[in-house]
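The values are calculated or read from the model by the stated rules, or taken from the named source; none is laboratory data. Since we're looking at a predicted model, the values are computed, not measured. Cβ placement follows ideal geometry from the backbone for every residue including glycine, while neighbour counts extend to all protein chains displayed. Please note that ligands, DNA and RNA were not included when accessible areas were found on the heavy atoms of the full protein model with its side chains. Shrake-Rupley method; radii C 1.70, N 1.55, O 1.52, S 1.80 Å.
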Amino acid sequence: LVKKMQQTTFEMPGSAVGDAVGISWLLRDVDGLRFVGHGGDVNGQHSEFVMVPERDFAISMLTNIDLPGFELMDEVQKWALENYIGVIDKDPEPIKLSDEELAAFLGDYETRVAGVTITAKDGGLLLKVNPKQEAIDALTESGEDVPPDYPPFPLGMLPGEGDRYMITEGVGKGMKGYFVRDESGNVEAVHVGGRLATRTKS
């Protein structure tokens, strides 16, 4: 069973949490090595566990800050991989798209707790997350901190198959996601931070 958890049961290339799922583990491959892990979040805190079974390597991290915590864990993980097992986990290089190509992704999307607005800038995209008031009220009532109002996240589209993107700078740099198209080829959703936001307006 442990070995099957390290094998792909469902593919989701470009997700913020991995390129595939193996039962409950999240999977991706780097330089021919299988990375197996899972993270967890509560408001203002992030945790991550990653192992590379072929190299007998594992690392577990916990932060008590919001999105900068994700950025910190990404840097620590890359440092540990390079210095302990000699693996360099490079971010892919984004590509520039024309205004016509970018137009397919522009518009409003939403999850249960937030709205997402995507606009174009300099051959890339900007993604703005707007928490819904009811979600803010629920956090306040439960004594939780309301997440900061982050400026729009710059997205660079990535080469290869699928409409994959990466946050290119600032808070959350390196975080990945992807867009989902319907059977007609129209963009109908965007995967952000491990959650699917469905399109409401283009």
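Structural remarks
- Share of Cα-Cα pairs in segment 40-97 lying beyond 12 Å, as whole percent: 70 percent
- For segment 49-202, accessible area per residue (1.4 Å probe, heavy atoms of protein chains only), Å²: 58 Å²
- Average Cα contact separation per residue, the chain, under 8 Å, 6 or more apart, as relative contact order %: 17 percent
- Once backbone amide H atoms are built at 1.01 Å from N, Ala114 has Lys132 as its partners under 5 Å, excluding neighbours fewer than 5 places away on the same chain.
- The H on the amide N of Arg34, modeled in the peptide plane, is under 5 Å from the matching H of Glu54, each at least 5 residues off or on a different chain.
- Full extension of the chain segment joining Val113 with Asn64 gains 15.5 nm, where the gain is 0.36 nm per residue of separation less the Cα-Cα distance.
- Normalised contact order of segment 129-202, rounded percent, pairs of Cα under 8 Å and 6 or more residues apart: 15 percent
- Across segment 157-166, rounded Karplus estimates of 3J(HN,Hα) from the backbone phi angles (6.51 cos²θ - 1.76 cosθ + 1.60, θ = phi - 60°) give 6, 9, x, x, 6, x, 8, 9, 9, 9 Hz, Gly and Pro being marked x.
- When shorter helices are ignored and each DSSP H run of at least 4 residues is given -39500 (n - 2.57), the per-residue value for the chain at 222 nm works out to -4500 deg cm²/dmol.
- 0 to 90° range, to nearest 10: angle between helix 67-85 axis and the chain longest Cα axis: 30 degrees
- Residue of Asp89, Asp149, Asp29 that the Gaussian network model of the chain assigns the largest fluctuation, springs spanning Cα pairs under 10 Å: Asp149
- Label selected from [x] 50, 49, 32; [y] 47, 43, 32; [z] 55, 41, 39, the criterion being Cα extents along the principal axes in Å as computed here: [y]
- Computed from label points 7 Å out along Cα-Cβ, the spacing between Asp41 and Leu106 is 2.7 nm.
- Cα centroid separation - segment 169-202 against segment 106-150, whole Å: 13 Å
- Fluctuation leader among Asp182, Asp163, Asp91 - the chain, Gaussian network, Cα springs under 10 angstrom: Asp182
- The translational diffusion coefficient of segment 83-202, from Stokes-Einstein at 4 °C and 1.567 mPa s with a Kirkwood hydrodynamic radius over alpha carbon pairs, comes to 83 µm²/s.
- The share of accessible area on the chain that comes from carbon and sulfur is 52 percent, using a 1.4 angstrom probe.
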